[in-house]
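Below is one structure, written out as structure tokens; the observations come after it.
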Amino acid sequence: MMINILVTGSNGQVGSELQALSRDYEHHFFFTDKESLDITDKESITHFVQNNKINTIINAAAYTAVDKAEEEQESANKVNNLAVKNLATIAKEKNIQLIHISTDYVFNGENFKPYTEDDKTNPNSIYGKTKRAGEEAIYRANPNNSIIIRTSWVYSSFGANFVKTMLRLAKEREELGVVYDQVGTPTYARDLAKVILDILPQINNEKVQIYNYSNEGVLSWYDFAKEIMRMAKLECKIRPIESKEYPLPAKRPHYTLLNKSKIKEEFDIIIPYYKDSLDECLRVMGERK
């Protein structure tokens, strides 16, 4: 069945990957960014949804500048919370589906085993707090057949991200210090975009559900950087450092491994290993040597 899908934040990493994949699916997509649709304006969204007979909203829009959010709290809250409340309220009113992308930063990173969807949230940063507030707004509105997907360490051939930063800096410097005491798993935005489009028709729930999704594997940012250098055959030396040696305005969680059993079992999906996905992304970028 062909459905009309509104994608917000379509120029971001996940939004761009959704655009790239959309030709493989029979749905009718409406890709928007903040210039073409202001999601902080409820009336604008209502008109757009009505005029284009939208059945599903995929909210890939977010304020993701983690450190800047500590200063720009109002801006972060507007996009990550208030705009999400608008989308959730309209989804409930119009009986349409909402797929919302959230983050591992809703946790404080003090766990000792992978986080499940039911674990207590306790964000350290303004970014994490505004993303958590957005989740709660969806819960309160509770639109039918709607889900929240928490993900981590997103990268892509599109936009700005850790992989691109490492590749650029490695060509400029002989040595880089990268933190080894933050552990999690990278997520290739294309894998996340594909899983969203694949599970869409199967989602059937009366109460909003949360799912964790990242690639498979366990590593630190240091390990990730080392793997990028190895695959791209770059000579830059990667030196392990502690987070305290590289202080940033926003506090990062030290451990945000996500337990993905729920999404794998309920939708019968196989999640790619992070090295395979990194390999694929570097090939797309022309950086795989």
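Mind counting the residues in the range 236-249 that are in a loop (DSSP other than H, G, I, E, B) and at pLDDT below 95?
Counting residues in the range 236-249 that are in a loop (DSSP other than H, G, I, E, B) and at pLDDT below 95 gives 4.
Do any residues in the range 249-270 that are of a type in the set (S, T, N, Q) have Cβ atoms under 7 Å from those of residues that are surrounded by fewer than 15 Cβ atoms within 10 Å (Cβ to Cβ) and part of a loop (DSSP other than H, G, I, E, B), where the two are at least six apart or on different chains, and which pairs are they?
N259/T116
Determine, yes or no, whether L192 is farther than 26 Å from T121 by Cα and not small (G, A, S).
The answer is no for L192.
How many of the residues in the range 277-287 are without any contact (Cβ under 8 Å) to a residue 60 or more places away in the chain and among the acidic types (D, E)?
Of the residues in that region, 1 qualify.
Six or more apart or on different chains, Cβ under 9 Å: which pairs go from a residue in the range 50-65 that's surrounded by fewer than 21 Cβ atoms within 10 Å (Cβ to Cβ) to one that's of a type in the set (F, W, Y) and in a strand (DSSP E or B)? Could you list them?
Going by the 9 Å Cβ cut-off, the qualifying pairs are N52/F30.
Conditions tested, residue by residue: (1) closer than 17 Å to L197 by Cβ; (2) at pLDDT 95 or above; (3) touching a Pro at 6+ places or on another chain (Cβ under 7 Å); (4) not charged (D, E, K, R).
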{"residue": "I5", "(1), (2), (3), (4)": "yes, yes, no, yes"}
{"residue": "F31", "(1), (2), (3), (4)": "yes, yes, no, yes"}
{"residue": "T40", "(1), (2), (3), (4)": "no, yes, no, yes"}
{"residue": "N52", "(1), (2), (3), (4)": "no, yes, no, yes"}
{"residue": "N81", "(1), (2), (3), (4)": "no, yes, no, yes"}
{"residue": "N86", "(1), (2), (3), (4)": "no, yes, no, yes"}
{"residue": "I90", "(1), (2), (3), (4)": "no, yes, no, yes"}
{"residue": "I99", "(1), (2), (3), (4)": "yes, yes, no, yes"}
{"residue": "F107", "(1), (2), (3), (4)": "no, yes, yes, yes"}
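Restricting the search to the range 127-142, which residues are assigned to a helix (DSSP H, G or I) and polar (S, T, N, Q)?
Across the range 127-142, the qualifying residue is only T130.
The values are calculated or read from the model by the stated rules, or taken from the named source; none is laboratory data. These numbers were taken from a predicted model, which means no experiment stands behind them. In this analysis, Cβ positions are derived from the backbone assuming ideal geometry, glycine residues included, and neighbour counts consider all displayed protein chains.
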